[in-house]
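So the structure is just underneath, and the comments pick up after that.
The values are calculated or read from the model by the stated rules, or taken from the named source; none is laboratory data. Keep in mind it's a predicted model, so treat the numbers as computed, not measured. Ideal geometry is used to build each Cβ from the backbone, glycine not excepted, and the neighbour counts take in all protein chains shown. In case anyone asks, the SASA skips ligands and DNA or RNA and just uses the protein heavy atoms, side chains included. Shrake-Rupley method; radii C 1.70, N 1.55, O 1.52, S 1.80 Å.
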Amino acid sequence: MESFKEFVANQVAVAAAESDGEKTGPSTGNGVNQVDFEDDTTPSQTIGVNESSPQAKVNSEGSEFPEDVVPQMYPLLSNNPPGSPPLAPGKRDEEDDDEELDFSKSLNRTASPSPVTLKRNKGAKVGKVGEEGVMRMHKFTLHETANYYYIVGSDLLDSAFRILKIDRTSELGELSITEDDIVYTKKETQQILNAIDEGNRATGGLKIKTSFWGLLGFIRFTAHYYMIYVTKRSQVAMIGGHYIYQIDKTDMMPLVTAASTRLKTDHHLEEARFIGILGNLDLTRSFYFSYSYDVTRTLQHNIMRERQALYDGLAEPLKCDHNDMFVWNHHLLEPAKQALKNPFDWCVSIVHGYVDQSALSIYWGRVVYVTIIARRSRFFAGARFLKRGANDLGYVANDVETEQIVSEMLTTSFHAPGPVLFANNKYTSYVQHRGSIPLHWTQDSTGVSPKPDIHLSVVDPFFSAAALHFDNLFKRYGTPVYVLNLVKARERTPRESKLLKEYTLAINYLNQFLPKDKQILYHAWDMSRASKSRDGDVIASLEAIAEDIMPKIGFFQNGNDEKTGLKLQAGVARTNCIDCLDRTNAAQFVIAKKALGYQLEALGVMEGTSVQYDSDAINLFTHMWHDHGDTIAVQYGGSHLVNTMATYRKINQWTSHSRDMVESFKRYYNNSFMDAQRQEAYNLFLGNYVFAQDKPMLWDLTTDYYLHHSDPRSMFGKRRPSYRQWYTSEYLQSPSMPPSIWPRELRDRPVEYFDDYWVEYYRPLAISSFKKLFSFKMHSNLRYIPISSTASGKYDFSPFKVRNTANESDGEGGHGKHTARKGVKIVAPSDDAASTMGMTDSIASSVPHSALEPTPAPKPNTLGPWLDAQQQLHNTLQRRQYTGIIKEPSFEVQSQSVPKIPELPTTTTSDLTNSSLLPPTKAELAVQSFASLVTRSLDPQARQAGEYQRYVTHPSNIPLVVSSDIDYSSAPLEFLEYLSKTTSDPAEHTVLRHYDDERGAVSLTMDERAEASLDEYTEYLASGAVEDPLTVLHEDGEKKRYKAYRKWLKGKSLFKQRPVVGDDVDAL
């Protein structure tokens, strides 16, 4: 990849060559005559170079000034993105619409082929799946006729097409799919579609229904099947030239005819409820997929698998080897696997978790890419208090595998120069694991306590669940397994300490049967107690633990052999607390920070393995891990992290305490009221619950225990596992990397035959803009560099330079700076515009500053003294949304009092005026609503003086001592009615009736009430003489006391009981 400097030089050379060509004459026509760009660039907008401009010359041997006199100068920098050209009238700015497929809604038929054309195409050669030149399908178009669906898939170059036919008239509960394994050209595909359209002309022909980016699978509830597909995606990471996409929009379509949708089945009400439950599941929240890179596996496993295929003489592995543990649409793929020959040519496997990638810019254009991939297990998945510990199969709750890939993509692909297949030594990775304590324990969340008691539900002296769990860790990562237990050791009321004691016994029991060099490394440390003590240094203790972990486990670095830097990670660090959220994320960050130092040293970026806090690299890394922790916390606990890295570093300010309280309340609210709904969505989507005639409905289950545990009857006839030999010996062996060889039969093949990264990443024949280029939109530390500090040329661009508030404005820092005097500054009302920028709990104000008034430096907040100060000042990136798996209601009404985020100042505007304002996120609206509720409760006030005056002067405020004279005109109606019922004076009753008639009250004397209730009293006396008073006769239906009985006959009772018809009614 050429640098930007080389790119400009090449463009100048091309421009010079074109100008020479114009002087000599027209070109020979060998090149492209005309190219249509996306933007409306005219020739007058072309940037030229003045030939008469002087060229700067640099003398490397001598200098005009002595070496000790020349000051150290750093290159100037401007991180303002290039402005977009003005749009033509009637056009809109589509920043991310490159992922939108532009298809017409009606089929454009071509002309009917002539006999000569048919004769010429009769002997045309077509390819089959697996032959050379066949690319992976990336784009799909859905066509429909009256009885069939046709899916046409194409590759990125639109040169290879395949067709899939789905029968819409199949029997109830059946999925009929026909897969054509022939690869067609674009012309042949159009001819086939024309023939289908001609054959179905009587029933409406062939229509284009929609376009999408991949199938997620098929699902069935009580009747027919539904097809779920991805309609919108966005790029979030790129590894080895292979993109990883995030799902932005999905759709579900029933595989039935139009007439069948109007027919109601026997379970149409249950079908609608199942669809509603699945509709609560939002697949656009932290779900990811890739066409050509296995996101379910680690980088070390993928490279090892590709090399093993080359060693066996194959161009690529024979079949997909997805880790089913992380394939969240596994249940949806089961029907596709049974109906299709090549299901993964049409369907994509999705993972749930977190994916993010950032660029770390080093000196002179050297860029290191940091990628974080978190994969959540689909086994024993659920909400926080509903899924604790482990099930009987050894799967634990909140099981998340986090991998950080640090690479320097001097060459984009995984292949080393030569080429040497899959041996690029510029790729490194490190894997961690988190998960609940592998014991049988629960917490009852039905009460009002935010911290329910912990109960050990099953006492297993052989710790079978823990044995199965660690054997699975040996299979996935090898040995050793380093267990870091962060639960509390000392408590007034034992809660977490009970699990600490039981977990320690389990590790000691399992270790006594393992070989000495393969035993589980166990380290228990009360992190909560250390963080609350004044002299406790949590970060230093975690740094020491990380320093102990890295040499024992190591990390992965690709290479041909050990001489070229090949290293393998053997084992994994498993971290847990009680929830595996706050404390676990902080501990994993410190371990990841230590691993980052090792990876940067292996890439030759820095000397040593220590990277300091408050540097550009760690600030960017902290921001990524903070997003990672928030996403994992929302998915499992329902709220963001309560304790962040700033909490444990003890640099958070007092304003962050209110934020912690809000997050604690949100977590308690979601766990109490939203977990049941979320658990139903998990169980239905993951296939834990499947409808059957002899099973209760999902919403009728009192517990889902039997959905996540094995059936005890399945153990009959099986051999019980050994309590002593609980592990698998093959999993204890050290990993080995096959050599990178070129198969002898494939010597004449190009690199693209083994890996199609070139077409996917570089996208030939496609023209785009910088705003749509993922590499340009990627997060980078260059976006947060203060431009004003680089004007003097003394700013140090090293990402490993420690930044702090004392030397932030001076690149070298320390010289000529005096310490700010402590004290309280009283801000005048006229200084509100300047003071707003310094607030730590608000967003940058849009109040313009005077040209003579310097812009005040923003005060950093808890996410990092240097990084967030620049975010608060410029704020170029939209705030990331941390959302759970359940859909939230959208806010259509925009509050005028909500602060909005200003845009990055351009080169023409140095202040924050006239910036386009972005709407606040849902999380911001929720926090503001809760904060306003707390404020109003602490400071109650009457908003309208009229309502308060009405409350004070209400006539019900009668004094305790009253006179005998009663003001009937101002007395309340209830009081007048009470007097009319109790008075015996006819004159007074006449007066009361007068006021009653004027004000609409109803007053009756005692005699009038007695006469009105005489019939009821007579009926009551007669009922006592009946021999069987509980028997209701037919003539009793007209009586007033049997009003409920009449409603029951009409079917209007509370429980919706149906009335008895026919002879049963007459018998009553």
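For this structure, a couple of remarks:
- Computed label-point distance, nm, for sites ARG763 and SER211 using a 7 Å Cα→Cβ extension: 1.3 nm
- The order of ASP321, ASP453, ASP756 by accessible area, most exposed first and with a 1.4 Å probe, is ASP453, ASP321, ASP756.
- Sites matching GluC sites (Glu not before Pro) across the stretch 150-200 that sit in DSSP coil, with at most 16 neighbouring C-beta atoms within 10 Å: GLU171, GLU174
- Placing R0 at 56 angstrom, the Cβ-Cβ distance between ILE741 and LYS249 gives a FRET efficiency of 0.80 after rounding to 0.05.
- Near PHE287, the amide H atoms lying under 5 Å from its own belong to ILE247; only residues 5 or more places off or on other chains count, and H is placed 1.01 Å from N.
- Distant-in-sequence amide H partners of ARG168 (H built 1.01 Å from N, under 5 Å): TYR148, TYR149
- Full extension of the segment from GLU543 to GLU607, taken as 0.36 nm per residue of separation minus the current Cα-Cα distance, would add 21.2 nm.
- FRET efficiency for ARG936 and LYS532, using Cβ-Cβ distance with R0 set to 30 Å, rounded to 0.05: 0.40
- Carbon + sulfur, % of accessible area of the stretch 680-791 - ligands and nucleic acids excluded, 1.4 Å: 53 percent
- Segment VAL1026..GLN928, full-extension length gain: 28.6 nm, with 0.36 nm per residue of separation and the alpha-carbon distance subtracted.
- Ligands, DNA and RNA left out, the 1.4 Å accessible surface of the stretch 344-429 is 58% carbon and sulfur atoms.
- Rounded to the nearest whole Hz, the Karplus-based 3J(HN,Hα) values (6.51 cos²θ - 1.76 cosθ + 1.60, θ = phi - 60°) of the stretch 714-723 follow the sequence 6, 7, 5, x, 9, 7, 5, x, 6, 7, with x at glycine and proline.
- Of HIS138, HIS301, the order by accessible heavy-atom surface (1.4 Å probe, DNA, RNA and ligands excluded), from most exposed downward, is HIS301, HIS138.
- Per residue, the solvent-accessible area of the stretch 141-188 (1.4 Å probe, heavy atoms of protein chains only, all protein chains present) comes to 41 Å².
- Charge context of LEU175, other residues only, Cβ under 13 angstrom, K/R +1, D/E -1: -1
- Kirkwood Rh and Cα Rg combined as Rg/Rh, the stretch 214-352: 1.04
- Within the stretch 692-744, the chymotrypsin sites (Phe, Trp or Tyr not before Pro) that combine a DSSP coil assignment with at most 15 other C-beta atoms in a 10 angstrom radius are PHE716, TYR723.
- Alpha-carbon centroids, the stretch 189-235 and the stretch 552-618: separation in whole Å: 46 Å
- Those trypsin sites (Lys or Arg not before Pro) in the stretch 524-556 that DSSP places in a loop and that have at most 13 other beta carbons within 10 Å: ARG534
- Proximity of backbone amide H atoms, modeled 1.01 Å from N, is registered between SER615 and ARG803 at under 5 Å, excluding neighbours fewer than 5 places apart on the same chain.
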